[in-house]
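Working notes for the structure below.
The values are calculated or read from the model by the stated rules, or taken from the named source; none is laboratory data. Not measured: the values here are computed from a predicted model. Positions of Cβ are backbone-derived with ideal geometry, glycine not excepted, and every protein chain shown enters the neighbour counts. For accessibility, only protein heavy atoms count, side chains too; no ligands or nucleic acids. Shrake-Rupley method; radii C 1.70, N 1.55, O 1.52, S 1.80 Å.
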Amino acid sequence: SEQTAQNIATLQAQKDAPKNTSLIIESTQKYILNKKILGENDETNYLTLAVIIKNTENSPSSFGKQYFIDLNNGAIVYQINLIDNAR
C-alpha cells in the first residue's frame, strides 16, 4: 500500500540521515520507473511510489532524498540524493 511504502521510505531515511535530523515527507507521487532509461540494464517497469523526505526547518542538518518504493513488494527500487543534486 502507499502507506507501507511511505513507512519504508521513512525508515530508510532515518538510517541515511545524520543523527538528530528531524524528517518530514514532503510529497509522494506514483511513477512507473524503468531503470533502463537511467542507464542501467534493467528493463523492468516498476510501479513505484516516489517519496520525497527532507529535514524540517528546525533540524540542525540538511537532508533530502527521493525514494522510489516498489508498490508490489516494498523494495527500494531507486533513490536520488536531492542535496547533492541541488549543489
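Worth pointing out:
- The angle separating the long axis of helix 2-16 from the principal Cα axis of greatest extent in the chain is about 60 degrees.
- Theoretical FRET efficiency, 1/(1+(r/R0)^6), r = Cβ-Cβ of residue 24 and residue 81, R0 25 Å, to 0.05: 0.90
- Probing with 1.4 Å while keeping every protein chain in the model, the per residue accessible area of the chain equals 64 Å².
- Residues residue 45 and residue 10, FRET efficiency given R0 of 25 Å [Cβ-Cβ distance, rounded to 0.05]: 0.50
- Candidates 64, 39, 74, ranked by Gaussian network fluctuation over the chain, Cα under 10 Å, top entry: 39
- The chain - percent of accessible surface contributed by carbon and sulfur, probe 1.4 Å: 44 percent
- Restricting segment 1-64 to trypsin sites (Lys or Arg not before Pro) that sit in a DSSP loop and have at most 12 other Cβ atoms within 10 Å of their own Cβ leaves 19, 36.
- For Cα Rg over 2.2 N^0.38 Å, the candidate list reads (i) 1.16; (ii) 1.10; (iii) 0.99; the entry that matches the value derived from this model is (ii).
- Note on the chain: dipole from Cβ charges, positive end direction compared against 55, 11, 32; the farthest Cα belongs to 55.
- Helical content of the chain, expressed as a calculated mean residue ellipticity at 222 nm, amounts to -6500 deg cm²/dmol (DSSP H runs of 4 or more residues, -39,500 (n - 2.57) each, divided by residue number, nearest 500).
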